[in-house]
Every structure is written in structure tokens, then in C-alpha cells.
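Working notes for the structure below.
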Amino acid sequence: MGAIYKMAQALRKSPMTLFPEGTRSRDGSIGKPRAGAGLLILETNPTVIPVCIDGMDKLLPIGSIFPRIFKRIYVYYGEPLDLSEFYGREKNRDVAQSIMTQVMENIRRMHSKIQTMKAPRTASSPTLLSKAKKSLLGLLKPLL
């Protein structure tokens, strides 16, 4: 609990970034949250902004010292969460875990949106570039 107390003191004075899973995943999946960040939230009532970082497993795999070049990561910032339903409740591990479950649900939704955005386009859903080419050709036809 000493570390949580020191973090709470620091969070009262400045912003803080926490990784609720405690580590990066080996395959890029979203893991289970740990209750420690939830205890910190209960103690300090901060503004919580969920952030999803996708692609770190390829950029800097576990065990790597140097990042791999030409790898892309995606960072998605969510809206601040309203966790007021938890404030004023008993400060215990179960409540902290409930907070982190809600935070991770938001992060999972953001991760799903990133995966959808990264999905390859099919012939039935043309890309913006192909739409621009068609539009440009339409404009140039009278000139040709």
C-alpha cells in the first residue's frame, strides 16, 4: 500500500498515466485489469481518460530493447469517464476492481474501433483514394 499512497500524493499535484493491466500483452490483446489503479481512483477521484494503444506488440515486443522501425501504432483517446457512482463507497479491492472493469470496457470498445478502422477495405467499400481518382477522372473527361 505504500506505493499506492505515494502515487495518490503525486496524482493530487499532477497528471499521471497508468497501465491498468500492469504489462503489455504479447499478442496485442486486452488483458485483465489489476485493482491497484482502481484503488488509486477511489483515493483521489481524478478525471479518468481511457486511452487505447494498439500495435505496441509489434513496435516493442516484450523482451525487446530497441523499437522496430517502420511499425505503426494507433492511439485512441476516449471521453472522460463518469465514475462518480463509485465515490463515497467503501475503499476496498472489490469496488476498485469494479472501477477497473468499467474502465477496461471502454478501452475494449476503443480497441474494437481501431481494429475496424485498420481492417482492409473490400472491393464493395472503395477507399477514399479510389473515390478521389474516380472524381478526378470525371472532371478530366471533358478535357480529354
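The values are calculated or read from the model by the stated rules, or taken from the named source; none is laboratory data. Note that the coordinates shown come from a computational prediction; the quantities given were computed from them, not determined experimentally. Backbone-built Cβ (ideal geometry, glycine too); neighbour counts: all protein chains shown.
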Candidate set from region 45-56 (those that are surrounded by fewer than 17 Cβ atoms within 10 Å (Cβ to Cβ) and not aliphatic (A, V, I, L, M)); member that is farthest from the chain's Cα centre (by Cα): 45
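Can you tell me which residue is surrounded by the most Cβ atoms within 10 Å (Cβ to Cβ) among those in region 8-26 that are in contact with a Pro (Cβ under 9 Å, 6 or more places away or on another chain) and modelled with pLDDT under 85? Give the derivation first.
Narrowing region 8-26 to residues in contact with a Pro (Cβ under 9 Å, 6 or more places away or on another chain): 11-12, 15-16, 20-22, 24, 26.
If we keep only those that are modelled with pLDDT under 85 as well, we get 22, 24.
Working: 22: 12, 24: 16.
Result: 24.
Go through 95, 75, 103 for me and flag whichever is of a type in the set (A, V, I, L, M) and farther than 14 Å from residue 19 by Cα. It would help to see each step written out before you state the result.
Working: 75 fails: farther than 14 Å from residue 19 by Cα; 103 fails: farther than 14 Å from residue 19 by Cα.
Only one candidate passes the filter, namely 95.
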Unique residue being surrounded by 14 or more Cβ atoms within 10 Å (Cβ to Cβ), modelled with pLDDT under 95, β-branched (Val, Ile, Thr) and out of contact with any Lys or Arg (no Cβ under 9 Å at 6 or more places or on another chain) when the list is 69, 65, 114, 99: 114
Failed item, numbered, when residue 124 is tested on (1) at pLDDT below 90; (2) surrounded by 10 or more Cβ atoms within 10 Å (Cβ to Cβ); (3) polar (S, T, N, Q): (2)
Of the criteria (1) over 20 Å from residue 112 (Cβ atoms); (2) outside any helix (DSSP H, G or I); (3) not hydroxyl-bearing (Ser, Thr, Tyr), which one residue 75 fails: (1)
Qualifying residue in region 32-47 (condition: in contact with a Pro (Cβ under 7 Å, 6 or more places away or on another chain), at pLDDT 90 or above, β-branched (Val, Ile, Thr) and closer than 20 Å to residue 82 by Cβ): yes
